[in-house]
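Worksheet: one structure, shown below.
Nothing in this text is a laboratory measurement; each read-out follows from the coordinates by a stated rule. Model, not experiment: these values are computed from the prediction. Quick reminder, even Gly has a Cβ in these numbers, built from the backbone with ideal geometry, and neighbours come from all protein chains shown.
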């Protein structure tokens, strides 16, 4: 292998890449816009639950129910209804997330020592949010219950109760951002490295300069290295820029080692470049290459645990995720950012990336060489 | 200006050949939507069940064992193992093998029996905030329930066993009784598919003519901008509508996601939304004249907003105010609102007409902008 020949093709690639002004926004602006969107948008927290209330009792007891919800930081009574129809209408028009109905005999029953029902209607359309909202609603009612009992029973009730001291680790404020932004760094690296590697080779084919490259004394391996090295460098530069942006703009804590992250990205790039090369061997035009790349990106994205947890998937699909390099990269990048864990925990992920990378890259190079010969 | 149907037909036929000849476009048009529906219906879920719990029991009494036993019996939790100390529990959380670690401290039962508060340490892995929040909700309501039991014990010891709880929440879940995330994700994915086929695929079609140099030829033909763009759009319209029908059918047959509302209202909404997507895709294509750039811009302004800024999986109400305003101009927001109405809430036009109206306006604007831009390019 000749170092000078590789260097020259790397230089040519850089010149071509930056000379084309249309590439600049894709390389420099797009990643940041995507990161911004993800940083601000993606959140499945339950914070501000809109409550519609129908109080047919209008007594001190029913006001206690209202106060209990208004006193909670999560709930906000946004609408009051005068009859059941109106309450249901609020749910149908998506004005409220939860509708609460207090019947006319509410306080009467409590005063008699009976159990009074509070009807809770929950909009279940977004089931994950609805589940949490219902759990919070029941908690408010449970606490209210204990207040009522204290009031009804003359003697002091100080029973031994469990005080659950919940600490949420790794992400104490349950910030979705801390979870998604590091993941997005990995996704961006994947998109750019996959797309540009295949495009770089396809352009030579489309314009017809591939023939010229073949007749030069350049070896296939030199061509492959020359064509991929620029994108390795760009991806690493991008990782650094995007990571800095995540840390300084979004205040995402980085608890682990930056060196380990860099190592992870380099290993991750091997598989991506391999896939990029492979796409370039099966496509003839830019359009084909783009569509094929997209065809890889979508399942990689969906089956990586980026948004949808892998544990929830059926076993067969869980098996498939082991073929997805992004899966391992996400565990690494989140482990380093959020948990601050090191090689002792993450080594299986690194090992998997090495094995997958070597296999994919070797396969793609084999195919690529055959096409050149 | 007269519109000649034969011109439209000719362009549509040419575009149709392009798609059929390149199996990759067909992939993108049919296989990718199929894959997405299968993935979303079958494999991807935001629901959390069987939260993995590890327990460190330093109390080792009948009560603490009863607590652990009830936890394991609950449908929400899966008690993985008992561990000797907190360090071991943290290691399990670090490795991601458990989501919740419970530490029952020594003298726990003693505290409870002598009517004092007994702390229970709960560590929740919140690195995935969705799972973290749901797990936290589950565990706190589990502890609350256990407390009610302790209160009942206490009251019976005090001779007050016939005291009943004063209030009881009777929860009924509407629109999605089983609380399955599939029921809102499968309709939502139709919105994403339409954007992929309608905007991402069409964003390539005019740019391709420019890059191949065939635009010059088209300019010299006696064809107007409206005819040209309509012809380009028709094949993709048909493909996307086929995808919609496919998604409806698969959702119903494979995943039991049944549309409660009217079929024709669904078709009307889909056609409107799809037309917006086509207008958008064609406009991007004309404006950029480069397939790579068009593809990336289409990704940014059509696919990602449909996925992220549309109330599909991520609630708009959690977004910062500025971004909430942005969601108002995302077509998918209105389409998903309609789908929610038709699939889950089973409401009719009297509830949904504002969303239809917005989609109609968006269609008129996007089509007009695309045609004007095309005319400026000399067609």
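The table that follows gives values for the structure above.
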read-out	value
Separation in nanometres of the label points that stand 7 Å from Cα toward Cβ, at residue A:111 and residue A:152	1.5
Segment A:322-363 pair-distance distribution - Cα-Cα, 10 Å bins, rounded %	30, 51, 18, 2
222 nm mean residue ellipticity, helices alone, for chain A (DSSP H n ≥ 4; -39,500 (n - 2.57); rounded to 500)	-21500 deg cm²/dmol
Average Cα contact separation per residue, chain B, under 8 Å, 6 or more apart, as relative contact order %	20
Proxy reagent accessibility, fewest Cβ within 10 Å first, across A:7, B:87	B:87, A:7
Segment A:35-114: proportion of alpha-carbon pairs further apart than 15 angstrom, %	63
As computed over segment B:235-379, the Cα convex hull volume per residue (Å³)	130
Angle between chain A longest axis and helix A:325-334 axis [Cα atoms, degrees, rounded to 10]	60
Percent of beta bridges antiparallel (DSSP, the protein assembly as shown, rounded to nearest 5)	20
Tilt relative to chain B, helix B:62-73 - C-alpha long axis, 0 to 90 degrees, to 10	20
Calculated [θ] (222 nm, deg cm²/dmol) that DSSP helices of n ≥ 4 give over chain B, each run adding -39,500 (n - 2.57)	-19000 deg cm²/dmol
Where labels lie 7 Å past Cα in the beta-carbon direction, separation of residue A:215 and residue A:318 in nm	5.8
Residue B:65-residue A:68 FRET efficiency (beta carbon distance; Förster radius 51 Å; 0.05 resolution)	0.90
Ordering of B:246-253, B:190-197 by packing [mean C-beta count within 10 Å, highest first]	B:190-197, B:246-253
Shielding score for A:283-293, defined as the mean number of other chain Cβ atoms within 10 Å	6
Projected label distance in nm at residue A:56 and residue A:207, using a 7 Å step from Cα toward the beta-carbon	7.7
Average other protein chain Cβ within 10 Å of Cβ, residues B:305-315	4
Cα-based convex hull, segment B:51-157, per residue volume (Å³, whole number)	92
Chain A: radius of gyration and largest Cα-Cα distance (Dmax), Å	29.0, 99
Rounded Å value of the spacing that divides the Cα centres of segment B:158-234 and segment A:249-267	34
C-alpha center-to-center spacing [segment B:251-303, segment B:360-379] in angstrom	17
At R0 = 45 Å, FRET efficiency that the Cβ-Cβ distance of residue B:31 and residue B:152 yields, to 0.05	0.15
Relative packing of peptides B:328-337, B:271-280 - highest average C-beta neighbours within 10 Å first	B:271-280, B:328-337
Rg [Å, one decimal], Dmax [Å, integer] - chain B, C-alpha atoms	28.5, 98
Gyration tensor verdict on segment A:152-261 (Cα atoms; rounded if a/c is under 1.5, prolate if a/b is larger than b/c, oblate otherwise)	prolate
FRET E, pair residue B:376, residue A:165, Förster distance 51 Å, beta-carbon r, rounded to 0.05	0.15
Shielding score for B:38-44, defined as the mean number of other chain Cβ atoms within 10 Å	5
Convex hull of segment A:72-164 built on C-alpha atoms - directionally averaged projected area, nm²	7.8
DSSP-defined beta bridges in segment A:1-144 - what % are antiparallel, rounded to 5	30
Protection proxy ranking, peptides B:361-371, B:287-297, A:345-355, average beta carbon neighbours within 10 Å, highest first	B:287-297, B:361-371, A:345-355
Cα convex hull of segment B:208-310 - mean projected area over all directions, nm²	8.2
Cα gyration tensor shape of the protein assembly as shown, rounded if a/c is under 1.5, else prolate or oblate by comparing a/b with b/c	oblate
For segment B:189-241: rounded, prolate or oblate by the Cα gyration tensor [a/c cutoff 1.5]	oblate
Least to most buried among A:251, A:105 (fewest other Cβ within 10 Å first)	A:251, A:105
Crossing angle, helix A:30-41 versus chain A [Cα axis fit, 0-90 degrees, rounded to tens]	10
Volume per residue that the Cα convex hull of segment B:130-223 spans, once the total is divided by residue count, Å³	148
Surface/4 of the Cα convex hull for segment A:203-294, nm²	7.6
